[in-house]
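Working notes, beginning with the structure itself.
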């Protein structure tokens, strides 16, 4: 999705050094240090909350990699609460910015990361995208972008 956003063909190259990252990041981090810091903060928030979802729920509930834990209902409920707190933080920060997207007036890394995280969480929490009007608006704006829409329509289907 990031390559589609940058208007470049997928080139699966691993980033090994900060210089490698600087060469491929283009304008995905915003226009200034504040926007870059907000992108980082939102991505880290997603990594923490949605990453916990992947590690604790996705492995058994969707991918069938391991057995369902004994406390699965409580686990699903607690992980959802963690995601809700993350979404509250992201929404509050985005509303402070008063920008079209999360950190600025164009789609950046944080927008793509959050969209992918929400799509993954939707496999278990089917109503997560209907959580509130802000969330619906965010998803609609990002998915409406011509590059993102084209990518979503042409990507290979996977279980996650």
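Read the figures in this text as sums done on the coordinates, not as results from a lab. Fair warning: this is a prediction, and the values are worked out from it, not measured in the lab. FYI the Cβ positions are ideal-geometry reconstructions off the backbone, even for glycines, and counts take in every protein chain you see.
The label point for residue 97 and the one for residue 66, both projected 7 Å from the Cα toward the Cβ, are 3.4 nm apart. Taking only alpha carbon atoms, the range 30-154 gives an Rg to Rh ratio of 0.99, where Rh is the Kirkwood radius. Most tightly packed first, judged by the mean number of other beta-carbon atoms within 10 Å of their residues, the peptides 61-70, 107-116, 130-139 read 107-116, 130-139, 61-70.
Between the range 49-70 and the range 90-160, how far is it from one alpha carbon centroid to the other, in angstrom? With the range 49-70 and the range 90-160 each reduced to a Cα centre, they are spaced 22 Å.
Stretching residue 105 away from residue 133 to a fully extended chain increases their span by 8.2 nm, per 0.36 nm per residue minus the current alpha-carbon distance. Shape class for the range 93-154: oblate, because the ratio a/c of the largest to smallest gyration tensor axis (alpha-carbon atoms, square roots of eigenvalues) is 1.5 or more and b/c is at least a/b.
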